[in-house]
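Right, one structure below, let's go through it.
The values are calculated or read from the model by the stated rules, or taken from the named source; none is laboratory data. Treat the numbers as computed from the prediction; the structure is a model and nothing was measured. Cβ coordinates were reconstructed from backbone atoms using ideal geometry, including for glycine residues, and neighbour counts include every protein chain displayed.
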Amino acid sequence: TAKQRGKANWVRYAAGMEKPAQAAAQLGGDLRRALDAGEFSLVYQPIVSLVDGRTIGVEALVRWNHPERGMVSPADFIPAAERTGLIVPLGRWVLRETCRQAAAWIAEFGPDVLWKAAPNVSVRQLHDPDFVADVRAALADSGLPADRLVLELTESAVLRGHQVLKVLHELHDMGVRLALDDFGTGESSLSLLRAFPAAVVKLDKSFVDNIELDEEGSAAANARQAVARAVVQLADALGLDTVAEGIENQEQADRLRKLGYTVGQGYFLGRPVDAAAFTARLVAQRKLTAA
Ligand code: C2E
Ligand code: MG
Ligand code: MG
Ligand code: MG
C-alpha cells in the first residue's frame with residue numbers, strides 16, 4: 001500500500017542520514033515554514049553619540065517568535081539558517097524590512113534626526129548572485145538613500161574571495177556603507193582593512209567588557225584599553241567611523257570616550273526594542289531637541 005511504501009521510504013531515508021544533518025534539515029524546514037508564517041520580526045538597538053547622547057543610527061536584529069518555544073535568539077538559529085541556505089531569503093527579508101522601517105522613520109522625523117540603519121548580513125548572502133540586485137531593489141522600493149544603509153559584516157564573513165570583494169566594491173560604488181562587526185575578534189583584522197572598502201569599524205564587546213576596571217592590577221583591563229585605543233587610532237588614520245559595542249555602564253562609556261570613541265552601542269545606551277518603542281525613543285529625543 002501507499003502507506004507501507006511511504007513508511008519504507010522514510011526508513012531508508014532516515015537510515016541513510018546522519019543525525020546532525022537530519023536535525024539541521026528539520027530546523028531548516030521549520031525556518032522555511034516560520035518565514036512563510038511571518039514569525040520573524042526585527043528589534044532595533046540605538047547607536048548613540050557618546051558626546052551628546054543623541055541617537056544617530058540603529059542596528060536591526062532579527063527575532064524568531066516561535067509558536068511553542070517563544071522568542072528564539074539569533075545565536076540559536078542563524079547558524080542553522082546559514083547551513084541550510086535559508087539565510088538568503090531570511091536575510092533578504094531583514095534587509096527589506098530594515099530599509100522600509102528606516103525610510104518611514106526618516107519620513108516622520110526628518111533626515112537630520114537619524115542617520116544610518118544597519119542590518120546584519122551573512123557571508124552566505126554575499127555569495128548569492130542576486131544579492132546586489134536585492135540591495136538595489138530594497139533601496140528603490142523603500143526610497144531609503146543608499147548612504148543611509150550600513151551593512152554589518154563580521155570579519156570571518158569577509159573572506160578574501162575575489163567574488164565577495166567584487167560584490168563589496170559594487171555595494172560601495174552604489175554608496176552603501178559597510179561595517180566590520182565584532183572587530184578585533186577575527187584572525188586578520190588588519191590585513192582585512194586593506195582590501196575591504198569599509199566605512200565603519202565596530203569594536204567588539206569583548207574589548208569593552210571590564211574596560212573600566214583599570215589601574216589596581218588588572219592586566220587584562222589594561223590590555224583591553226590598549227586594543228581599544230589602537231583600533232580607534234587606526235580607524236581615524238584610515239578615515240573610518242567607529243562604534244564601541246556592548247557598553248553596559250556609564251564608566252565604560254566615559255572610558256571609551258577618553259580613548260577617542262565618539263559613538264557607542266549597548267544596554268546602557270539602549271536595549272534592542274520593537275519598532276513602536278524605538279519610535280517612542282525618537283519622539284522623546286525630538287521633544288528634548290525642540291525644548
Ligand atoms: P551583533 O551583530 O554583534 O549584534 C549585537 C548583539 O549584542 C545583539 O545580540 C545585541 O542584542 C547584543 N547586545 C547589544 N548591546 C549589548 C550589551 O550591552 N550587553 C550585552 N550582553 N549584549 C548586548 P542578538 O540580537 O542576540 O544578536 C546576536 C548576533 O546574531 C548578532 O551579533 C549578529 O551577529 C547575529 N544576528 C542578529 N540579527 C541578524 C540578522 O538579521 N542577520 C544575520 N545574518 N545575523 C544576525
Ligand atoms: Mg551587528
Ligand atoms: Mg556586533
Ligand atoms: Mg557581536
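Taking the listed residues Gln265, Gln233, the one that is under 30 Å from Val167 (Cα atoms) and either crowded, with 16+ Cβ neighbours inside 10 Å or within 16 Å of ligand 4 (Cβ to nearest atom) (or both) is Gln265, with no other qualifying.
For every residue, the table says whether it meets (1) under 21 Å from Asp130 (Cα atoms); (2) away from ligand 4 (no atom under 16 Å from the Cβ); (3) at pLDDT below 95; (4) in a strand (DSSP E or B).
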{"site": "Leu61", "(1), (2), (3), (4)": "no, no, no, yes"}
{"site": "Ala75", "(1), (2), (3), (4)": "no, no, yes, no"}
{"site": "Arg83", "(1), (2), (3), (4)": "yes, yes, yes, no"}
{"site": "Pro89", "(1), (2), (3), (4)": "yes, yes, no, no"}
{"site": "Trp93", "(1), (2), (3), (4)": "yes, yes, no, no"}
{"site": "Glu97", "(1), (2), (3), (4)": "yes, yes, no, no"}
{"site": "Trp105", "(1), (2), (3), (4)": "no, yes, no, no"}
{"site": "Val113", "(1), (2), (3), (4)": "no, yes, yes, no"}
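So, Ala253, is that one more than 30 Å from Phe40 (Cβ to Cβ) and surrounded by fewer than 16 Cβ atoms within 10 Å (Cβ to Cβ) or not? Talk me through it step by step, then tell me what you get.
Details: more than 30 Å from Phe40 (Cβ to Cβ): yes; surrounded by fewer than 16 Cβ atoms within 10 Å (Cβ to Cβ): no.
Answer is no for this residue.
Within region 264-291, the residues that satisfy the criterion of being over 16 Å from the mean Cα position of the chain (by Cα), at pLDDT 95 or above and not in a helix (DSSP H, G or I) are Phe268, Leu269. Just so you know, in region 168-198 the residues that are more than 15 Å from ligand 3 (Cβ to nearest atom), touching a helix residue (DSSP H, G or I) at 6+ places or on another chain (Cβ under 8 Å) and of a type in the set (Gly, Ala, Ser) include one that is modelled with the highest pLDDT, and it is Gly175. Contact map, region 73-99: first residue in contact (Cβ under 8 Å) with a residue 60 or more places away in the chain, second residue of a type outside the set (Phe, Trp, Tyr), Cβ cut-off under 9 Å, separation 6 or more or different chains; pairs are Thr84/Ala24; Thr84/Ala25; Thr84/Leu27; Thr84/Gly28; Thr84/Gly29; Thr84/Leu31; Thr84/Arg32. One residue stands out in region 235-251 among those that are touching a strand residue (DSSP E or B) at 6+ places or on another chain (Cβ under 8 Å) and touching a residue at least 40 places away in the same chain (Cβ under 8 Å): the one that is nearest to ligand 2 (Cβ to nearest atom), namely Glu245. Among the conditions (1) more than 12 Å from ligand 1 (Cβ to nearest atom); (2) over 26 Å from Ala244 (Cα atoms); (3) under 15 Å from the mean Cα position of the chain (by Cα), the only one that Gly70 does not satisfy is (3).
Answer yes if at least one residue in region 237-259 is within 18 Å of Lys116 (Cβ to Cβ), among the small types (Gly, Ala, Ser) and within 14 Å of ligand 3 (Cβ to nearest atom), and no otherwise. Yes, that holds for at least one residue.
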